[in-house]
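The values are calculated or read from the model by the stated rules, or taken from the named source; none is laboratory data. Not measured: the values here are computed from a predicted model. Reconstructed Cβ throughout: ideal geometry from the backbone, glycine too, with neighbour counts over all protein chains shown. The area values use the complete protein model at the heavy-atom level, side chains included, leaving out ligands, DNA and RNA. Shrake-Rupley method; radii C 1.70, N 1.55, O 1.52, S 1.80 Å.
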Amino acid sequence: MKFYDCAEAPSPRRVRIFLAEKEVELPVVQVDLRAGEQLGEEFRAINPDCTVPVLELDDGTRITEAFAICQYLEAVHPEPPLMGRDPTEAALVTMWNARIEQHGLVAFAELFRNLHKGFRGRAVPGPVDCEQIPALVERGRKRGEAFFNRLDQHFAGNGYVVGNKFTLADITALVGVDFAAWSKLEIGPDRPHLQAWYDRVSSRPSARA
Ligand SMILES: N[C@@H](CCC(=O)N[C@@H](CS)C(=O)NCC(=O)O)C(=O)O
């Protein structure tokens, strides 16, 4: 197997944390997103969507979504289980992961990529160049704040996202909170439950990945 990564980027970090929890090490190829390597001919042949992470299997199959990569890794390295220990938990992990992606990661990306000058003409990852839309900065921030509030309420009664066990859903949320901070969207003093969960999960050794 071979893992196409970018050490600074949030999406591949989800897989790095997942691998660290499983104590699995893979050969890594760093893709320099800042230099636009993902848009070059060589990387397009690997992933026409021009994004990382990518997991390349020994038979040449390439898996290109963080969730799908984790699903594969969970199947081949089941211990410790990070995607639910029974059908109900598995469904809840998938549900929460999708919710965190749609209402968290998408909002944080909208905020970040429409705000920073470095993303002019590259407001959306992928092969199609998209101009920034300044109004999406405020919308992303508003949606991000609302999502943080929702998580704070959830953690008032739950130690982890699902089933009082650390899962992929916690990894996605942790990466999201750290990504939001790049745009100064912070947990703040008014979300003590979200802060307590964050302190718990970010102190795991895997969070350094
Ligand atoms: N839905 C994809 C998102 C992948 C993605 O957007 N990756 C970003 C890095 S966080 C990327 O490759 N960006 C390339 C670019 O900005 O051109 C996944 O979960 O794997």
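Within the stretch 155-178, restricting attention to residues that are of a type in the set (S, T, N, Q) and either assigned to a loop (DSSP other than H, G, I, E, B) or more than 20 Å from residue 108 (Cα to Cα) (or both), the residue that is most open to solvent (accessible area, probe 1.4 Å) is 164.
The sole residue among 89, 56 that is in contact with a helix residue (DSSP H, G or I) (Cβ under 8 Å, 6 or more places away or on another chain), modelled with pLDDT of 95 or more and either more than 15 Å from residue 28 (Cα to Cα) or surrounded by fewer than 20 Cβ atoms within 10 Å (Cβ to Cβ) (or both) is 56.
Return yes when residue 29 is aliphatic (A, V, I, L, M), at negative phi and either within 16 Å of the ligand (Cβ to nearest atom) or in a helix (DSSP H, G or I) (or both) and no when it is not. Considered against the rule, which asks whether it is aliphatic (A, V, I, L, M), at negative phi and either within 16 Å of the ligand (Cβ to nearest atom) or in a helix (DSSP H, G or I) (or both), residue 29 comes out as yes. Scan the stretch 1-17 for residues that are touching a residue at least 40 places away in the same chain (Cβ under 8 Å), within 13 Å of the chain's Cα centre (by Cα) and outside any helix (DSSP H, G or I) and the total you get is 3. Residue 69 meets the conditions (1) among the β-branched types (Val, Ile, Thr); (2) in contact with a His (Cβ under 7 Å, 6 or more places away or on another chain); (3) buried (at least 18 other Cβ atoms within 10 Å of the Cβ) in every case but one. The failed one is (2). With respect to residue 175, is the statement that it is modelled with pLDDT of 95 or more, closer than 21 Å to residue 81 by Cα and β-branched (Val, Ile, Thr) true? It is true that residue 175 is modelled with pLDDT of 95 or more, closer than 21 Å to residue 81 by Cα and β-branched (Val, Ile, Thr).
Contact map, the stretch 132-145: first residue farther than 20 Å from residue 187 by Cβ, second residue of a type in the set (D, E, K, R) and assigned to a helix (DSSP H, G or I), Cβ cut-off under 6 Å, separation 6 or more or different chains; pairs are 136/110.
Checking 122, 113, 141, 150 one by one, the residue that is touching an Asp or Glu at 6+ places or on another chain (Cβ under 8 Å), at pLDDT 95 or above and either of a type outside the set (S, T, N, Q) or exposed (fewer than 13 other Cβ atoms within 10 Å of the Cβ) (or both) is 122 and no other. State yes or no: is residue 198 away from the ligand (no atom under 16 Å from the Cβ), outside any helix (DSSP H, G or I) and among the hydroxyl-bearing types (Ser, Thr, Tyr)? So residue 198 fails the test. Among the residues of the stretch 179-204, those that are touching a helix residue (DSSP H, G or I) at 6+ places or on another chain (Cβ under 7 Å), open to solvent by 10 Å² or more (accessible area, probe 1.4 Å) and not hydrophobic (A, V, I, L, M, F, W, C) comprise 191, 193, 198, 202.
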